[in-house]
Amino acid sequence: MKIALGSDHAGYTIKEATKDYLKKEGHEVSDFGTNSSDRPTDYPEVAFAVAHSVVSGRSERGILVCGTGIGMSIAANKVHGARAAVCNDLYVARMSRAHNDANILTMGGRILTEDQAREIVSVWLETAFEGGRHERRIEAIERYERLHMSSQDSLTEEGRVIVIDHPLVQHKLTTLRDKTTSVKEFRELVQEIAGLMVYEATRSLQVEDTEVETPLGTARGKTIAGKKLAVVPVLRAGLVMSDGILRLIPNAKVGHIGLYRDPETLEPVEYYCKLPKDIEERDVMIVDPMLATGGSAAAAISAVKDRGGKRISLICLISAPEGLNVVRNSHPDVNIFTAAIDDHLDGHGYIIPGLGDAGDRLFGTR
Ligand code: RB5
């Protein structure tokens with residue numbers, strides 16, 4: 001089974017033990033962090049990322065560990081489609097599957113021993129949903145979610161991972177992934193998806209009231225309240241995304257960042273960086289289609305910060321859990337907008353299943 005796993009510092013030890021256990025049992029694990037028990041990690045972002053992996057179908061189940069399991073379940077259950085259950089004993093673990101069809105298990109790292117957690121995980125994975133009368137109750141929850149929950153609530157907070165699950169974005173992304181999609185169509189789709197994503201990424205821009213004369217009278221309207229925007233593509237694949245964004249925001253300034261990977265250290269090295277002079281006053285959107293290891297995204301964010309950039313978002317089409325972790329840990333203030341969180345990276349740093357090499361597919365270089 002494909003399982004998304006995550007914890008905060010208080011759940012780290014149990015998360016690691018659970019990961020070993022799951023792998024031994026032959027499951028495929030995507031680890032959304034955290035990576036140590038020493039550095040405090042706020043549980044909500046990990047919970048959101050794991051819950052998105054589950055509700056998008058990338059993972060079949062999710063397992064989250066914090067001190068008690070409570071914070072993780074509260075946060076995960078904010079994601080449309082998540083049914084996270086706190087299970088610190090076997091009975092509740094069994095019932096959460098049999099009656100509630102829980103798709104996410106949360107546990108208390110400060111409550112359970114490693115052996116107890118393993119037993120709970122094993123029972124939780126093995127127990128099937130009973131259906132029947134319980135089905136009706138789950139359907140009522142799903143109906144409520146469809147009517148009342150938006151996946152785009154409160155975009156004003158900083159440091160969030162926001163999965164843009166709009167049907168148009170998801171539809172176009174599927175075509176983009178298809179290996180038979182031509183270079184021309186691929187490029188057009190990247191522009192369109194980037195435009196749709198920026199539509200969501202700019203949802204929290206401040207507006208102010210204004211009036212405008214129509215041919216027939218005066219209308220009250222809104223304009224964007226003096227916010228200055230900058231789009232910063234990471235060369236080369238980010239360029240096509242920025243074209244799509246500029247169609248919607250033609251007055252945004254554009255910066256460019258070029259990075260290459262040092263063959264010895266494998267660290268990203270900056271070879272080009274030109275940003276608008278007043279970058280510190282602008283809302284900066286760094287764009288790069290693939291968030292793989294996170295190394296170049298983190299370096300691009302650092303490059304913008306070093307030159308004074310303060311309010312920064314990262315917009316990428318597809319992310320790997322590993323890359324999200326790296327960026328969240330190194331730049332916890334940056335919002336990450338992505339259209340999908342995929343399974344994992346392969347040995348060469350490619351996102352699986354991903355879409356291949358975005359640069360090559362955009363420019364027909366392979
Ligand atoms: C962290 O100290 C703790 O509050 C957290 O792990 C969790 O228990 C919250 O529900």
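Bear in mind that the values in this text are calculations on the coordinates, not laboratory data. Small disclaimer: the values here were computed from a predicted structure and weren't measured. Cβ placement follows ideal geometry from the backbone for every residue including glycine, while neighbour counts extend to all protein chains displayed.
Look at 172, 228, 222 and count the other Cβ atoms within 10 Å of each Cβ; fewest to most, that gives 222, 228, 172. With a simple spin-label model that places each label point 7 Å from the Cα along the Cα-to-Cβ direction, the separation between residue 204 and residue 141 comes to 2.8 nm. For the peptides 78-87, 47-56, the ranking by packing is 47-56, 78-87, with the highest mean count of neighbouring Cβ atoms within 10 Å listed first. Magnitude of the charge dipole for the chain, about its Cα centre and with charges confined to Cβ atoms of Lys, Arg (+1) and Asp, Glu (-1), is about 600 debye.
Across the chain, the relative contact order, built from alpha-carbon pairs under 8 Å that are at least six residues apart, equals 14 percent. In summary, the lysines within cross-link reach of residue 24, defined as a Cα separation below 18 angstrom excluding same-chain residues under 8 places away, comprise 2, 15.
Bridging of residue 184 to lysines at a Cα separation below 24 Å is possible for 172, once same-chain residues fewer than 8 apart are set aside. With the helix formula -39500 (n - 2.57) applied to DSSP H stretches of n ≥ 4, the chain reaches a computed 222 nm mean residue ellipticity of -12000 deg cm²/dmol.
For the range 27-66, the direction-averaged projected area of the alpha-carbon convex hull comes to 2.9 nm². Could you give the angle, 0 to 90 degrees to the nearest 10, between helix 12-24's Cα long axis and the longest principal axis of the Cα atoms of the chain? For 12-24 against the chain, the angle is about 80 degrees. Applying a DSSP loop filter and a limit of 16 other Cβ atoms within 10 Å to the GluC sites (Glu not before Pro) in the range 41-122 leaves 60. Of all aspartates and glutamates in the structure, the ones whose alpha carbon falls short of 14 Å from that of residue 253, not counting any fewer than 8 places away in one chain, are 243, 278, 280, 281, 283. Both the radius of gyration and Dmax for the chain are 21.7, 75 Å, in that order, over alpha-carbon atoms.
Note the angle between two axes, namely the Cα long axis of helix 321-330 and the longest principal axis of the Cα atoms of the chain, as a number of degrees from 0 to 90, rounded to the nearest 10. Approximately 70 degrees, to the nearest ten.
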